[in-house]
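Here's the structure, in structure tokens; my notes come after.
The values are calculated or read from the model by the stated rules, or taken from the named source; none is laboratory data. All values reported here derive from a predicted model rather than from experimental measurement. Methodologically, a virtual Cβ is constructed for each residue, glycine included, from the backbone with ideal geometry; neighbour enumeration extends over all protein chains shown. Please note that ligands, DNA and RNA were not included when accessible areas were found on the heavy atoms of the full protein model with its side chains. Shrake-Rupley method; radii C 1.70, N 1.55, O 1.52, S 1.80 Å.
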Amino acid sequence: MQARTLTIGDAARASGVSAKMIRHYEAIGLLAAARRTESGYRVYGDDDVHQLRFVHRARALGFSLEQIGTLLGLWQDKGRASADVRALARSHIDELDRKIAEMQAMRRTLAGLAASCHGDARPDCPILDDLATQRKTP
């Protein structure tokens, strides 16, 4: 069975990754440079699409490009220890938990400000007053 040859548009549709991002992933080395036709067009195979789907899913889970590069290396290394993958995932979970806590704190603050705002025709606004207050950010 012969492997498929896909244009960048076909690879984008098959993987869920835009053509612009495919070119970006190639430029930063996350994806190997595509083969080229005689006329210079990029062509991709099923393995490339599989790798792009991997990257797409990892991005959907919030992994950074650097973390995805590490995950790709682990994925391609059949001799890897699953402990390495788990450690990276747990580290990412800790990072997500920290971001969630920060967002919950922002939400509580904003909810309190919104509750204190009369929301009528008067010009005074505790939300704007709070935003205008100079504070050190952590």
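With axes computed from alpha carbons, what is the tilt in degrees of helix 65-76 against the longest principal axis of the chain, rounded to the nearest 10 within 0 to 90? Once rounded, one gets 40 degrees. Summing charges over all other residues whose Cβ lies under 15 Å from the Cβ of residue 12, with Lys and Arg as +1 and Asp and Glu as -1, gives +3. For the chain, the solvent-accessible area with a 1.4 angstrom probe is 74 square angstrom per residue.
Once the Cα atoms are used to define both axes, helix 46-60 deviates from the longest principal axis of the chain by about 10 degrees.
When only the Cβ of Lys, Arg, Asp and Glu is charged (+1, +1, -1, -1), the dipole of the chain relative to its Cα centre reaches about 240 debye. Considering all C-alpha pairs of segment 23-63, those separated by over 13 Å amount to 58%. Which percent of the accessible heavy-atom area of segment 4-138 goes to carbon and sulfur, probe 1.4 angstrom? Ligands and nucleic acids excluded, carbon and sulfur give 56 percent. The angle between the Cα long axis of helix 82-116 and the longest principal axis of the Cα atoms of the chain comes to about 30 degrees, rounded to the nearest 10.
What does the net charge come to around residue 70 if you take all other residues with beta carbon closer than 11 Å to its beta carbon, with K and R at +1 and D and E at -1? That works out to -2.
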